[in-house]
Amino acid sequence: MMQAIVYLLDAAIVVAAVLSACFWLRASGKRVRRVSKHETFDYADINRLVVALNRAQILNARAAKATAAAALLGGLRVMLDFLP
């Protein structure tokens, strides 16, 4: 029974870590189009920047939660090793 719990925790740690990596890759993967100093900076440019920042912030928050879950599961896994 204890061995099954250990295997389940190990699998959950791997899943949480992979999920975190995927979120951070998606958050850092898209570039925002640059605006030249010769262009006029209008509402569409501001909107594009705000949307990109919001999406990156959402993905970073999800990645941070997945990393926290992986760390908590890892700590629980280490605690199980100390049980008799």
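The values are calculated or read from the model by the stated rules, or taken from the named source; none is laboratory data. In this text, all values refer to a predicted model and were calculated from it rather than measured experimentally. Heads up, the Cβs are rebuilt from the backbone with ideal geometry, glycines too, and the neighbour counts pull from every protein chain shown. For the accessible areas, the whole protein counts, side chains as well, though only heavy atoms, and no ligand, DNA or RNA atoms are used. Shrake-Rupley method; radii C 1.70, N 1.55, O 1.52, S 1.80 Å.
May I ask you to derive the FRET efficiency for VAL51 and CYS22 from their Cβ-Cβ distance with R0 = 25 Å, giving the value to the nearest 0.05?
It comes to 0.75.
Give the angle, between 0 and 90 degrees and rounded to the nearest 10, that separates the Cα long axis of helix 2-29 from the longest principal axis of the Cα atoms of the chain.
For helix 2-29, the angle is close to 10 degrees.
Nearest 10 degrees, 0 to 90: what angle lies between the long axis of helix 43-82 and the longest principal axis of the chain (Cα atoms)?
10
Tell me the chymotrypsin sites (Phe, Trp or Tyr not before Pro) within the chain that lie in a loop according to DSSP and have at most 14 other beta-carbon atoms within 10 Å.
Answer in residue order: PHE41.
Over the chain, what is the relative contact order in whole percent, taking alpha-carbon pairs under 8 Å and six or more residues apart? Let's see the in-between values first.
On the way: 51 pairs, mean separation 44.8, N = 84.
For the chain, the relative contact order is 53 percent.
Please give the solvent-accessible surface of LEU25 in Å², to the nearest 10, using a probe radius of 1.4 Å with every protein chain present.
120
If you wrap a convex hull around the C-alpha atoms of the chain and split its volume per residue, what is the figure in Å³?
Here the figure is 72 Å³ per residue.
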